[in-house]
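The numbers here are math on the coordinates, done by the rules we state, and not lab data. Given the structure is predicted, the values throughout are model-derived calculations rather than measurements. Positions of Cβ are backbone-derived with ideal geometry, glycine not excepted, and every protein chain shown enters the neighbour counts.
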Amino acid sequence: QVQLVESGGGLVQPGGSLSLSCAASGSIFSTYVMSWYRQTPGKQRRELVASMATSGTTTYASSVKGRFTISRDNAKSMVYLEMNSLTPEDTAVYYCRFARGRTEYWGQGTQVTVSP
């Protein structure tokens with residue numbers, strides 16, 4: 001059974017930093033695209049924050065470019081999100097997603113709150 005578990009969320013002041021981790025179990029994910037999404041209250045859709053392909057190519061939302069960094073460890077089936085210079089607009093539930101073709105797996109989400 002595949003399971004993705006995020007960790008590292010919490011409360012941080014504006015300008016602060018947080019590091020998120022997502023650990024996967026139940027399969028081998030080295031060939032999967034690993035991504036982070038976020039969802040804020042009142043929004044139905046989850047927003048893509050950052051993504052890393054198996055080649056190492058990264059994609060970032062324009063709102064986080066230069067502040068967030070995604071990385072992955074294929075041997076450990078983990079993906080990370082380093083978040084710097086956080087603003088209240090970054091407040092959301094953050095989800096990791098592993099995908100390959102039509103197959104996708106999601107974590108349960110971790111809350112990130114940026115507030116004075």
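For segment 45-116, state which trypsin sites (Lys or Arg not before Pro) are in a DSSP loop and have at most 13 other beta carbons lying within 10 Å of their beta carbon. Loop-located and lightly packed - 45, 65, 102.
Estimated at 0.36 nm per residue, the fully extended path between residue 67 and residue 53 surpasses their Cα-Cα distance by 3.1 nm. Summing +1 for each Lys or Arg and -1 for each Asp or Glu among the other residues whose beta-carbon sits under 11 angstrom from that of residue 33 gives +2. Neighbours of residue 48, meaning other residues whose beta-carbon lies under 11 angstrom from its beta-carbon, give a summed charge of +3 when Lys and Arg score +1 and Asp and Glu score -1. Only the Cβ atoms of Lys and Arg (+1) and of Asp and Glu (-1) were treated as charged; on that basis the dipole of the chain about its Cα centre amounts to roughly 300 debye. Across all Cα pairs in segment 8-70, the calculated P(r) in 5 Å bins from zero up to the longest distance comes to 4, 14, 20, 26, 21, 10, 5, 1 percent per bin.
Positive-end ranking of 86, 9, 70 along the dipole of the chain, with charges on Cβ about the Cα centre, is headed by 70.
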